[in-house]
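Enquirer: My structure is below; once you've seen it, I'll send some questions.
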Amino acid sequence: MNVGLFGGAFDPPHRGHVELVRRAKEELGLDEVVVLVAADPGHKRVETPADVRLEMARAAFPGDTVLLDSHPRTVDLLREHPEWAEAWFVIGADEFADFLSWKEPDEVLERVRIAVGTRPGFAPERLQGALDGLAHPERVRLFDMEPVPAASRDLRLHLVEADLPPAVAEIIRREGLYPAERGYTEGS
């Protein structure tokens, strides 16, 4: 079975996340994608409780398996799940450019293959720098995707509903997340 893993804080999940997974499924012929919501990400601060981020991720990826990941680092998750050996770990180009700063990146790459969604205009030397620092760069596959101008960090500051899957926007309204005084805008 050809499995993809896609992890993140998802605070909130947005159209860019959805498009990255869609393109990875198309490009890699994935049979299943497991979306992993980091309960307590070791690399960034989150504002929204894990259970709400999990609910939003399930709304954003309705046809996929969505699980709460209790591991602060990817390598720790992969050590605990040998059944995912040879899965594709799907990430965007920005994340891959920083891959060498991950905890034990070469071990991550021994346990899974990496699929990197790239977009027009992304500096290829940033990707090449990461590839050059790896023991097994042949385990990394790059694929093209159309740019989706959405980042969770920016959305929390100025949330535009059009950047979200509709079911995620509904949860944000219901839970009162990212309030209007911080820039939430419905529709545009």
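Enquirer: Round to the nearest 0.05 the FRET efficiency obtained for S70 and F143 when R0 = 25 Å and r is the Cβ-Cβ distance.
Expert: 0.25
Enquirer: What do you get for the angle between helix 15-28 and the principal long axis of the chain? Use alpha-carbon atoms, 0 to 90 degrees, nearest ten.
Expert: Taking Cα atoms only, the helix is inclined about 30 degrees.
Enquirer: Further question: Using the Cα centre as the reference, give the magnitude of the dipole from point charges on the C-beta atoms of the chain (Lys, Arg: +1; Asp, Glu: -1; all else neutral), rounded to the nearest 20 debye.
Expert: That gives a dipole near 260 debye.
Enquirer: A follow-up question, please. Computed FRET efficiency, Cβ-Cβ of M1 and K103, R0 25 Å: what is it to the nearest 0.05?
Expert: Using R0 = 25 Å, I get an efficiency of 0.40.
Enquirer: Most mobile of D94, D40, D31 per a Gaussian network model of the chain (Cα springs, under 10 Å)?
Expert: D31
Enquirer: Out of the trypsin sites (Lys or Arg not before Pro) in segment 1-58, which ones are loop residues according to DSSP with at most 10 other C-beta atoms within 10 Å?
Expert: Passing sites in segment 1-58 are R45.
Enquirer: Is segment 86-130 best put as rounded, prolate or oblate by its Cα gyration tensor, with a ≥ b ≥ c the root eigenvalues, rounded for a/c under 1.5, and otherwise prolate when a/b is larger than b/c, oblate when not?
Expert: Since a/c reaches 1.5 but b/c is at least a/b, the shape of segment 86-130 is classed as oblate.
Enquirer: Counting other C-beta atoms within 10 Å, and keeping those with at most 15, which DSSP coil GluC sites (Glu not before Pro) do you find in segment 68-124?
Expert: E86
Enquirer: Another one. Compute the long axis of helix 166-175 from its Cα atoms, compare it with the longest principal axis of the Cα atoms of the chain, and write down the angle in degrees, 0 to 90, nearest 10.
Expert: 60
Enquirer: I would also like to ask the following. Placing +1 on the Cβ of each Lys and Arg and -1 on the Cβ of each Asp and Glu in segment 3-182, which of A97, P13, A130 has its Cα farthest towards the positive end of the resulting dipole?
Expert: Of the candidates, P13 comes out farthest on the positive side.
Enquirer: Also, I was wondering about something else. Taking 2.2 N^0.38 Å as the expected size of a compact globular protein, what ratio does the Cα radius of gyration of segment 1-87 give against it, to two decimals?
Expert: 1.04
Enquirer: Looking at the P(r) of segment 3-182, how many percent of alpha-carbon pairs lie beyond 25 Å?
Expert: For segment 3-182, the share of Cα pairs beyond 25 Å comes to 31 percent.
Enquirer: Moving on to the next point. Would you pull out the residues with amide H under 5 Å of F89's amide H, same chain only if 5 or more places away, H placed 1.01 Å from N?
Expert: Residues meeting the amide H criterion: L5, R113, I114, A115.
The numbers here are math on the coordinates, done by the rules we state, and not lab data. Owing to the predicted nature of the structure, the values given are computational and were not obtained by experimental measurement. FYI the Cβ positions are ideal-geometry reconstructions off the backbone, even for glycines, and counts take in every protein chain you see.
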